[in-house]
1. If you take every DSSP beta bridge whose two residues both sit in region 24-339, what share of them, in percent to the nearest 5, is antiparallel?
2. With springs connecting C-alpha atoms under 10 Å apart, model the chain as a Gaussian network and identify which of 167, 285, 209 has the largest mean-square fluctuation.
3. Mean separation of Cα pairs under 8 Å and 6+ residues apart, divided by the residue count of region 24-339: what relative contact order is that in percent?
4. What order do you get for 200, 182, 164 when you list them from fewest to most C-beta neighbours inside 10 Å?
5. What's the FRET efficiency of residue 309 with residue 33 using the Cβ-Cβ distance as r and R₀ = 25 Å, to the nearest 0.05?
6. So for the pair residue 205, residue 107, with labels modelled 7 Å out along Cα→Cβ, what separation do we get in nm?
7. So, in Å, what gap is there between the alpha-carbon centers of region 224-279 and region 104-166?
8. Between residue 43 and residue 339, what FRET efficiency comes out of the Förster formula 1/(1 + (r/R0)^6) with R0 = 35 Å and r the beta carbon distance, rounded to 0.05?
């Protein structure tokens, strides 16, 4: 009986430690470096922000995560180590996402417009704090829906826009994604998968749902060089930046954000919202991306009015070229925003 009581107390103690274990981000050596994980208020709501770089004088890049509701903060240090040598990189958990999800906060007004306004307010804070007139704005996956609107709305704040795994015509992309999954399932003889996917074709073609992401991941349309990072609870838990309570926030926030935002994105595709950019922009696309397909992104790219635009394919990647080919991405960023100036 005493053993059971001690066992229960030990389990409760370990759970409490896991839930509330202090979080931090690892230190970058150097007098001019910055490495901070902090909460700050943006438009009335506390947001988690991580700022990392070897030299605060380097160009600043803000990265808008996708999902919706899937922050990249827990695995940023693993994949952005090279980038941090030449850039100060800002990751933040969007309103109602990850560590910015607060259990008793009212998120009933959550919308893409609100997230755009949050991003613009964050940009002002970062620019003032780091003494920059402009920053580089990068966005990934569904984050491009937010980032591109911010770049369109406040171009004077940004040196350039980078769309990684860029959204285009959502309906076209989902049709391509579905066709890819069916073809791959047929190729390996998974007839049950073929039957299921064919059964939801009408719903996808009518814009009522997206191709289930577990099938895109299963058939290699998500990642080629790494494991799919989003939603990896074990990986998130063992990062310095998240504890068990944050993992719970992560999952609750992702579910809520997707419920609130995905339908709106399907009904209001980005090509109907942003048709022109006044700053240079780049679409960085993995050739084998079937989350947000490279083909749909290229068609959208071709329609956008801009004085300076570049479509940059990463041939060894799927949906995460900045992570899957981090050496190439770092080299490309440095050549584009640093070396050309020297």
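Every number in this text was worked out from the coordinates using simple rules, so none of it is lab data. Nothing here was measured: the structure is a model prediction, and the numbers come from that model. Here Cβ is always computed from backbone atoms with ideal geometry, including for glycine, and neighbour counts include all displayed protein chains.
1. About 35 percent, rounded to the nearest 5.
2. Checking each option, the largest mean-square fluctuation is seen for 209.
3. Answer for region 24-339 is 21 percent.
4. Ranking 200, 182, 164 by Cβ neighbours within 10 Å, fewest first, gives 200, 182, 164.
5. 0.15
6. Output for this residue pair reads 3.5 nm.
7. After rounding, the separation between the Cα centres reads 15 Å.
8. Rounded to the nearest 0.05, the efficiency is 0.45.
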